[in-house]
């Protein structure tokens, strides 16, 4: 199995309150070539503390595959298209991935710098 360590590709995670919002964010990111792929997962229930109260809400998790150099631009687009005051935006580095897939991710996204 071919593969390589990568410092160029990462996965960003966020959640949205609706499937429609998740789709809107996915469409914007892929159309602008800020993400190679965006996966919208099945809804889940999140428990969290907000304004000193414990809440639970259904949310739609999103996985965004992108270049690490695009993280700030992706974050900006998420914030513009998101309804939460403090949206979850977490970066997970890709420590290893198949050479072909990582190359495809790079080809599908714009180069910065």
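The values are calculated or read from the model by the stated rules, or taken from the named source; none is laboratory data. Small disclaimer: the values here were computed from a predicted structure and weren't measured. For neighbour counting, all protein chains shown are included, and Cβ atoms are generated from backbone atoms with ideal geometry for every residue, glycine included.
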Only one of 71, 45, 11, 54 that is assigned to a strand (DSSP E or B), under 24 Å from residue 111 (Cα atoms) and at pLDDT 95 or above: 11
Got at least one residue in region 17-24 being touching a helix residue (DSSP H, G or I) at 6+ places or on another chain (Cβ under 9 Å), assigned to a helix (DSSP H, G or I) and either buried (at least 17 other Cβ atoms within 10 Å of the Cβ) or modelled with pLDDT of 95 or more (or both)? yes
Taking region 92-109 and the residues there that are more than 18 Å from residue 72 (Cβ to Cβ) and touching a strand residue (DSSP E or B) at 6+ places or on another chain (Cβ under 6 Å), the one that is surrounded by the most Cβ atoms within 10 Å (Cβ to Cβ) would be 102
Restricting attention to region 42-62, does a residue exist that is out of contact with any strand residue (DSSP E or B) (no Cβ under 8 Å at 6 or more places or on another chain) and on the phi > 0 side of the Ramachandran plot? yes
Restricting attention to region 76-91, and to residues there that are in contact (Cβ under 8 Å) with a residue 60 or more places away in the chain, under 11 Å from the mean Cα position of the chain (by Cα) and not in a loop (DSSP other than H, G, I, E, B), which single residue is surrounded by the most Cβ atoms within 10 Å (Cβ to Cβ)? 78
